[in-house]
Amino acid sequence: MSSRAVWVTVLIAVLGLGTWAQGLQYLWAEVPLPEGAVGALAPKAAALGVPVAKVQDGTLVFPEGLSEADLRAGGAYLYLDGDFFLLGVETPTEYALLRGDAKKAELIVIPRDGLVPPSAAFFELAGALRLLSPGATITLTVKEVPLKLPRVPAGVRLDPVLWALVGHPDWFGAARDSGLERVGLRVRVVAEGSGALAESLEPYVLSSTGSLIDLLIPIPLLPALAQDPAVRYVRPPYTPHP
């Protein structure tokens with residue numbers, strides 16, 4: 001059976017569609033990943049002709065001759081940052097994302113032509129990249145971006161704008177609209193605290209002065225940073241005004 005025949009058999013159940021929401025509605029589902037899928041993404045994407053923006057030695061590298069705007073304008077693209085990835089398909093009628101880490105991912109559909117499931121082409125691409133298990137059932141539910149900043153959970157010492165970014169369906173648009181400095185799947189923040197950060201967070205430190213630590217950190221790791229015992233608070237860098 002061809003790969004096309006396998007991957008378009010993915011079943012989708014769309015729940016909760018309605019017009020009750022006041023903010024941006026989008027479709028969301030949690031998707032388990034096949035073992036080893038993320039580690040094999042780069043060569044599979046190259047074989048399929050999908051351009052990849054990849055972090056190498058702490059620097060985000062785009063395919064030769066392409067800017068980020070060019071990458072996203074091409075229709076399908078992939079970001080890789082260690083265990084974190086984001087597969088995007090953007091067309092005039094579709095904006096679908098599969099983003100996650102080595103264990104699980106979330107499928108997100110941001111409406112451009114109504115609240116409709118991803119196209120068969122999206123599932124074929126995700127299947128060819130081995131990010132979906134053959135015959136998987138994906139249950140899409142309606143979520144909403146709140147009009148107000150969401151409450152930060154107790155114990156997560158994170159600025160509300162950054163907490164909103166973590167759960168936002170569109171990291172790129174949300175970072176832009178909030179005036180945050182984003183580099184690929186990372187965002188620049190300042191951690192206020194004392195002592196040494198957890199070893200797993202050290203690679204994202206740009207500099208430190210006194211009690212302030214400047215970091216460029218993957219968006220999914222913001223809650224972990226904000227719960228580190230050495231951190232009192234995590235916020236965006238202050239921007240001087242003329």
Return one whole number: the accessible area per residue of the chain in Å², for a 1.4 Å probe. 51 Å²
Find, among the trypsin sites (Lys or Arg not before Pro) in segment 127-194, those assigned to loop by DSSP (not H, G, I, E, B) with at most 13 other beta-carbon atoms within 10 angstrom. K148, R151
Please report the carbon-and-sulfur percent of the accessible area for segment 96-179; probe 1.4 Å, protein heavy atoms only, DNA, RNA and ligands left out. 55 percent
Ordering V187, V142 from largest to smallest accessible area (1.4 angstrom probe), what's the sequence? V142, V187
So, in Å, what gap is there between the alpha-carbon centers of segment 84-129 and segment 193-242? 30 Å
Given contacts defined as C-alpha pairs under 8 Å and at least six residues apart, what's the relative contact order of segment 71-176, whole-number percent? 13 percent
Scan around S208 for amide H atoms under 5 Å from its own, H built in the peptide plane at 1.01 Å from N, and keep only partners 5 or more places away or cross-chain. D214
Can you give me the Rg/Rh ratio for segment 157-239, using Cα atoms for both radii and the Kirkwood formula for Rh? 0.93
Sparse-neighbour loop sites [trypsin sites (Lys or Arg not before Pro); segment 36-74; at most 15 other C-beta within 10 Å; DSSP]: none
Work out from phi, with θ = phi - 60° and the Karplus expression 6.51 cos²θ - 1.76 cosθ + 1.60, the ³J(HN,Hα) of each residue of segment 83-100, listed in order in whole Hz, and give x for Gly and Pro. 7, 8, 8, 8, 9, x, 10, 10, 9, x, 10, 9, 9, 10, 10, 10, 9, x
Between V61 and residues 5 or more places away or on another chain, the pairs with built amide H atoms under 5 Å apart involve K54, V55, Q56
Can you give the direction-averaged projected area of the convex hull of the alpha-carbon atoms in the chain, in nm²? 15.1 nm²
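The values are calculated or read from the model by the stated rules, or taken from the named source; none is laboratory data. Keep in mind the model is a prediction, meaning the values are calculated, not measured. Note that each Cβ is placed from the backbone with ideal geometry, even for glycine, and that neighbours are counted across all protein chains shown. Ligands, DNA and RNA are excluded from the accessible area calculation, which covers all protein heavy atoms including side chains. Shrake-Rupley method; radii C 1.70, N 1.55, O 1.52, S 1.80 Å.
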